[in-house]
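Participant: Sharing a structure, written as structure tokens. Questions coming.
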Amino acid sequence: MTWVKICGITNLEDALTAVDAGADALGFVFYEKSPRRIGVKVAREIVLQLPERVEKVGVFVDGSGFEPVDIAREVGLTAIQNTVRCLSTSSPESQMMIAVAGFRRPPKMFLSFPAGWLSDNPEAVRNLTERFQHLRKDGRPAKPEGCFDTFFLDTGTAEQPGGTGKTFDWEKAAPIAQGMRESGLKLVVAGGLTPVNVGEAIRTLNSWGVDVSSGVEAAPGKKDPEKVRAFVRAVRETDGKVN
């Protein structure tokens with residue numbers, strides 16, 4: 001079944017609605033410029049009331065060093081999603097790998113990239129794939145389960161790294177998705193998804209997961225319960241047709 005993440009959770013009511021609808025993961029945004037930003041204390045209070053089976057994902061932008069893992073430890077997150085606006089030589093994931101060594105059960109590590117940037121840079125896609133494979137196979141240190149095997153494609157820009165409410169060209173991104181699958185990576189589609197179009201996104205990209213925020217909102221930071229339920233229902237209906 002397709003993995004479903006409801007992102008931009010800011011309150012307990014929305015969190016429980018998403019869980020009740022059948023979401024596999026909830027996203028908590030710690031990027032200071034986001035209208036869906038949540039404080040550490042509030043996030044911790046919500047996480048404490050969530051079932052163990054639900055993935056609790058902290059979303060960061062260009063996060064590096066100890067900040068994301070410190071927040072993950074304090075809140076009780078089970079995964080860290082880092083939105084990288086461009087690939088640099090000194091990458092944040094290597095620093096975070098050192099930091100997670102102190103966890104008894106390290107959080108999963110997800111990376112998110114702007115789909116448009118990758119679509120226009122075929123060489124970057126190839127390098128990225130090789131880099132993911134190297135990170136996963138290199139045994140120094142041993143990688144926890146879920147470390148650098150999940151890749152998010154979003155409609156971000158340098159100015160607005162996520163939450164744009166816009167889709168990217170799924171057909172154009174299909175070769176990227178195929179290359180990731182062939183490399184053993186899990187692809188999660190984000191950006192502009194709604195209950196109406198999520199089925200098409202899954203069929204076009206054959207994605208492992210989907211990630212939605214603005215497409216199930218009544219207002220930035222506040223979910224619409226009916227849209228949340230409709231989104232998860234649309235994903236499960238697509239799963240039934242595909243399988």
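Read-outs throughout are calculated quantities, based only on the coordinates presented, and are distinct from any laboratory measurement. The shown structure was predicted, so the numbers you read here are calculated from the model rather than taken from an experiment. Glycine gets a Cβ as well: all are built from the backbone with ideal geometry, and neighbour counts include every protein chain shown.
Participant: May I ask you to order 35-42, 70-77, 49-56, 106-113 by the average number of other C-beta atoms within 10 Å around their residues, highest value first? If you can, show how the numbers build up before the last one.
Facilitator: On the way: 35-42: 15.2, 70-77: 18.4, 49-56: 13.6, 106-113: 24.0.
Packing order, densest peptide first, comes out as 106-113, 70-77, 35-42, 49-56.
Participant: Each label point is 7 Å from the Cα along the Cα-to-Cβ direction; what then is the distance between the points at K41 and D62, in nm?
Facilitator: 2.9
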